[in-house]
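Data first, discussion second: the structure below is written as structure tokens.
The values are calculated or read from the model by the stated rules, or taken from the named source; none is laboratory data. Here the structure is a predicted model, which means the values were calculated and not measured. We place every Cβ from the backbone using ideal geometry, glycine too, and count neighbours over all the protein chains shown.
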Amino acid sequence: MNQPDFAYGSAEQVRGSRTLSLFADRPLLREQLTEHAEQAGFAVLHAGPLADLADGRPVPLAQALVVDCPVPAAQDTASLARVDEAAARTGAQLIVSTALDALDAVFACCRRSGPQILIDPSPADRVMALGRVLALGGGGRVREMNEADRLTLLRLTEQVGQIAARLETYNAPSSGGLASTPRGSDGNRLASPGISFTHAPDAGGARRAHTSVPPLPDPRQVRKLIRHRQLRARFIEGDLFADPAWDILLDLTAARVENVRVSVSSLCIAAGVPPTTGLRWISQMTEAGLLQRVEDATDRRRAFIELSDPVADAIARYFAEIGKDGLALV
């Protein structure tokens with residue numbers, strides 16, 4: 001099978017450039033993405049179908065690589081893995097949009113570049129992703145920034161998302177089309193993970209001694225807690241209680257005790273927020289060391305998410321402390 005040829009793209013060309021290459025099978029979407037990119041100040045070097053990534057023809061490597069892959073075929077996932085590798089090598093920023101049903105396959109392909117993955121995105125989601133490319137500048141990565149700059153960028157991203165979602169709602173056409181009322185927009189009530197998620201060592205650089213770590217709680221207790229948290233949305237506006245980080249940790253805690261592997265798509269649902277938002281939380285919590293990505297040893301097309309050991313210990317201690325007072329967390 002031929003692979004995309006990025007022969008005339010280099011790290012030097014990517015740095016400091018405002019260029020974009022996009023690949024999408026839907027002509028209308030290509031037109032919209034091109035228009036949005038040009039309005040944001042990007043020079044669109046290439047706009048074509050996904051087949052352009054698989055036929056071996058030279059493809060210009062730009063600052064931003066945008067790939068729409070809602071139902072990836074085998075050749076699409078192979079090409080996406082190659083694009084991810086090229087982006088990681090040169091510092092290009094990869095944006096991939098897909099459907100929730102295809103998320104696990106897409107996520108497994110993107111091991112190296114730390115892409116933005118958008119799930120059933122609205123136009124506002126896509127515009128916001130381009131804004132993050134501009135905010136990061138010449139090929140930078142969120143994980144390479146210091147904590148203060150990283151938190152500032154994440155907060156700015158959410159503010160831009162709120163504005164974009166409102167504008168999209170006001171301007172939405174009355175029927176159908178790609179620009180319909182946003183689905184899975186990030187413009188509701190949420191905050192992004194920031195400095196407080198960083199697992200820092202104790203004073204003096206010494207890690208806290210583990211004397212006796214209590215066991216993790218009974219998974220039935222955790223599942224009951226999750227159901228109680230979800231029940232609130234039936235009676236009170238759910239956005240008031242949006243806490244995706246805690247919902248993610250609870251789901252992974254129960255799964256760890258049950259010895260069940262959790263896919264990224266399942267965890268996005270468990271987060272209780274729009275899938276793109278849930279995936280952003282998962283990515284940032286992984287960067288901060290709370291979660292870890294585990295590749296499937298028997299199937300490279302799959303990857304799972306689990307708690308890191310220090311976080312599992314901390315949650316065990318937390319539930320043990322709660323249990324001393326006979327308290328139930330809601």
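Condition check for residue 289 on (1) small (Gly, Ala, Ser); (2) without any contact (Cβ under 8 Å) to a residue 24 or more places away in the chain; (3) in a loop (DSSP other than H, G, I, E, B): one failure, at (2). Among residues of the range 1-25 being surrounded by fewer than 21 Cβ atoms within 10 Å (Cβ to Cβ) and either at pLDDT 95 or above or among the hydrophobic types (A, V, I, L, M, F, W, C) (or both), the one that is farthest from residue 90 (Cα to Cα) is 1. Tell me which residues, restricted to the range 257-285, are surrounded by fewer than 17 Cβ atoms within 10 Å (Cβ to Cβ) and among the β-branched types (Val, Ile, Thr). The answer is 260, 269. Identify the residue in the range 301-318 that is acidic (Asp, Glu) and either assigned to a loop (DSSP other than H, G, I, E, B) or touching a residue at least 12 places away in the same chain (Cβ under 8 Å) (or both) and, among all such residues, is nearest to residue 110 (Cα to Cα). Across the range 301-318, the extreme among qualifying residues is 306.
Please name all residue pairs, on different chains or six or more residues apart, with Cβ atoms under 6 Å, provided the first residue is in the range 222-250 and is surrounded by 15 or more Cβ atoms within 10 Å (Cβ to Cβ) and the second residue is assigned to a helix (DSSP H, G or I) and charged (D, E, K, R). Cβ pairs passing all conditions: 241/232.
On the stretch given as the range 211-220, residues that are in a helix (DSSP H, G or I) and touching a residue at least 12 places away in the same chain (Cβ under 8 Å) total 1. Condition check for residue 254 on (1) without any contact (Cβ under 8 Å) to a residue 40 or more places away in the chain; (2) farther than 28 Å from residue 121 by Cα; (3) surrounded by fewer than 21 Cβ atoms within 10 Å (Cβ to Cβ): one failure, at (3). Checked against (1) touching a residue at least 60 places away in the same chain (Cβ under 8 Å); (2) part of a loop (DSSP other than H, G, I, E, B); (3) in contact with a Phe, Trp or Tyr (Cβ under 6 Å, 6 or more places away or on another chain), residue 121 passes all but a single condition, namely (3). For the structure I just gave you, tell me whether residue 52 is in contact (Cβ under 8 Å) with a residue 12 or more places away in the chain, more than 17 Å from residue 92 (Cβ to Cβ) and not aliphatic (A, V, I, L, M). No: the conditions fail for residue 52. State whether one or more residues within the range 105-114 are surrounded by fewer than 19 Cβ atoms within 10 Å (Cβ to Cβ) and out of contact with any helix residue (DSSP H, G or I) (no Cβ under 7 Å at 6 or more places or on another chain). Within the range 105-114 (the criterion being surrounded by fewer than 19 Cβ atoms within 10 Å (Cβ to Cβ) and out of contact with any helix residue (DSSP H, G or I) (no Cβ under 7 Å at 6 or more places or on another chain)), the answer is no, since none of the residues qualifies.
For the range 245-272, residues that are closer than 16 Å to residue 116 by Cβ and in a loop (DSSP other than H, G, I, E, B) total 0.
Identify, from the list 319, 304, the residue that is under 18 Å from residue 223 (Cα atoms) and not assigned by TED's automatic domain parsing to the domain that holds residue 111.
The match here is 319.
Can you pull out the residues in the range 37-49 that are surrounded by 15 or more Cβ atoms within 10 Å (Cβ to Cβ) and modelled with pLDDT under 90? 40, the sole residue that qualifies.
Out of curiosity, is residue 93 at pLDDT 90 or above and more than 19 Å from residue 263 (Cα to Cα)?
So residue 93 fits the description; yes.
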